[in-house]
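Here the structure comes first, spelled out in structure tokens, and everything after it is commentary.
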Amino acid sequence: MNGPSEYVPPEVWTWNKANGGRFANINRPIAGPTHEKELPVGRHPLQLYSQGTPNGVKVTVMLEELLALGHQGAEYDAWLIRIGEGAQFSSGFVAVNPNSKIPALVDRSGPTPIRIFESGAILVHLAEGFGAFLPTAGAARAECLSWLFWQMGSAPYLGGGFGHFYAYAPTKMEYPIDRFTMEVKRQLDVLDRRLAGSPYVAGDEYTIADMAIWPWYGGLVKGWLYGAAEFLEVKSYKHVQRWADLIGERPAVQRGRMVNRTSGDPASQLWERHDASDFDTKTQDKLKAAE
């Protein structure tokens with residue numbers, strides 16, 4: 001096996017050095033805020049604090065889909081939280097999400113603001129609040145929620161496991177790459193088998209299960225994550241490819257993928273979204289002009 005000499009864990013682990021890798025500057029073994037800063041609040045009922053990672057895209061897709069259905073109560077302000085700079089550790093953000101992860105939502109549509117954190121919880125909150133994209137009872141609801149929570153449990157193996165060791169770790173190590181590659185390919189096979197007999201993940205209807213899974217596994221098979229498409233032979237998962245294209249053709253999905261995005265083609269980025277017109281007049285242009 002290739003790699004450094006065998007590591008012997010100490011009797012008690014202590015945090016006394018940076019761990020290296022792309023996100024070493026924001027990794028730490030304690031919770032809570034690192035600095036005082038309040039979150040901004042816009043004029044819409046829903047205030048989203050996020051960045052355009054796969055977990056963030058889930059929620060912006062859902063909001064754009066609700067607006068496309070005519071739910072004006074789903075109007076939202078999407079504020080950019082630059083996680084690479086540690087903005088998720090501000091006192092304001094930690095008050096909304098004590099786990100300091102994006103996305104986080106504050107629902108101000110009622111008399112008392114409601115905080116919702118964890119992307120799956122946000123999707124369920126919005127789906128139930130607007131009566132859309134989540135079956136209300138029976139087997140259909142159970143199937144949708146099962147696949148939603150499948151994604152919540154599976155994606156850490158894809159992102160924090162495979163993605164970290166394949167793309168971000170300071171050194172390449174055979175064992176973790178092999179271990180997490182095996183698991184990601186198994187997950188892709190689970191999805192491919194499901195989608196062989198179903199147009200959408202939870203059945204015949206497009207649901208929050210698709211919105212949750214597409215940014216991760218759709219993005220993976222389209223070659224958007226980790227530069228690993230050839231390594232994982234993603235073209236072999238034909239049913240996942242078909243589904244990824246189907247979801248990606250939706251205008252609301254295309255808009256949702258732009259919101260809070262800070263990488264890739266500048267034309268595909270909308271740093272902050274406060275009005276539908278921002279898709280035509282990019283927020284980053286406004287922000288730069290104000291500097």
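Computed quantities for the displayed model
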| quantity | calculated |
| --- | --- |
| Residue within the stretch 51-68 that is farther than 19 Å from P215 by Cβ, of a type outside the set (A, V, I, L, M), outside the structural domain of Y226 (by TED's automatic domain parsing) and touching a residue at least 40 places away in the same chain (Cβ under 8 Å) present | no |
| Single residue of Y175, Y166 found to be surrounded by 17 or more Cβ atoms within 10 Å (Cβ to Cβ) and in the same structural domain as Y217 (by TED's automatic domain parsing) | Y166 |
| The stretch 136-146, subset surrounded by 17 or more Cβ atoms within 10 Å (Cβ to Cβ) and touching a Leu at 6+ places or on another chain (Cβ under 9 Å), residue nearest to L69 (Cα to Cα) | C144 |
| Residue check for A121: under 19 Å from G56 (Cβ atoms), surrounded by fewer than 18 Cβ atoms within 10 Å (Cβ to Cβ) and among the small types (G, A, S) | yes |
| Boolean, I213 is closer than 22 Å to L123 by Cα, surrounded by fewer than 24 Cβ atoms within 10 Å (Cβ to Cβ) and at pLDDT 95 or above | no |
| Close pairs from the stretch 220-233: first of a type in the set (G, A, S), partner part of a loop (DSSP other than H, G, I, E, B), Cβ under 6 Å, at least 6 apart | A229/G223 |
| Residue that is surrounded by the fewest Cβ atoms within 10 Å (Cβ to Cβ), among those in the stretch 150-163 that are within 16 Å of Y226 (Cβ to Cβ) and aliphatic (A, V, I, L, M) | A155 |
| Residue count for the stretch 234-262, restricted to those that are without any contact (Cβ under 8 Å) to a residue 24 or more places away in the chain and closer than 26 Å to E183 by Cβ | 4 |
| Some residue of the stretch 264-281 being at pLDDT below 95 and farther than 29 Å from Q72 by Cα | yes |
| Of all residues making up the stretch 179-193, the number that are farther than 21 Å from G160 by Cβ and surrounded by 18 or more Cβ atoms within 10 Å (Cβ to Cβ) | 1 |
| Tally of residues being touching a Ser or Thr at 6+ places or on another chain (Cβ under 7 Å) and surrounded by 20 or more Cβ atoms within 10 Å (Cβ to Cβ) across the stretch 61-78 | 1 |
| Matching entry among A104, A87 (being closer than 20 Å to G256 by Cα and crowded, with 20+ Cβ neighbours inside 10 Å) | A104 |
| Subset of the stretch 194-210 [of a type in the set (D, E) and either touching a residue at least 12 places away in the same chain (Cβ under 8 Å) or surrounded by 14 or more Cβ atoms within 10 Å (Cβ to Cβ) (or both)] | E205, D210 |
| Every pair of residues 6+ apart whose Cβ atoms lie under 9 Å, when the first sits in the stretch 147-162 and is over 18 Å from Y175 (Cβ atoms) while the second is in a helix (DSSP H, G or I) and among the acidic types (D, E) | W147/D210; S154/E183 |
| Members of the stretch 94-128 found to be over 19 Å from H71 (Cα atoms) and of a type in the set (S, T, N, Q), listed by number | N97, N99, S100, T112, S119 |
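The values are calculated or read from the model by the stated rules, or taken from the named source; none is laboratory data. As the structure is a computational prediction, the values presented were derived from the model and not from experiment. Heads up, the Cβs are rebuilt from the backbone with ideal geometry, glycines too, and the neighbour counts pull from every protein chain shown.
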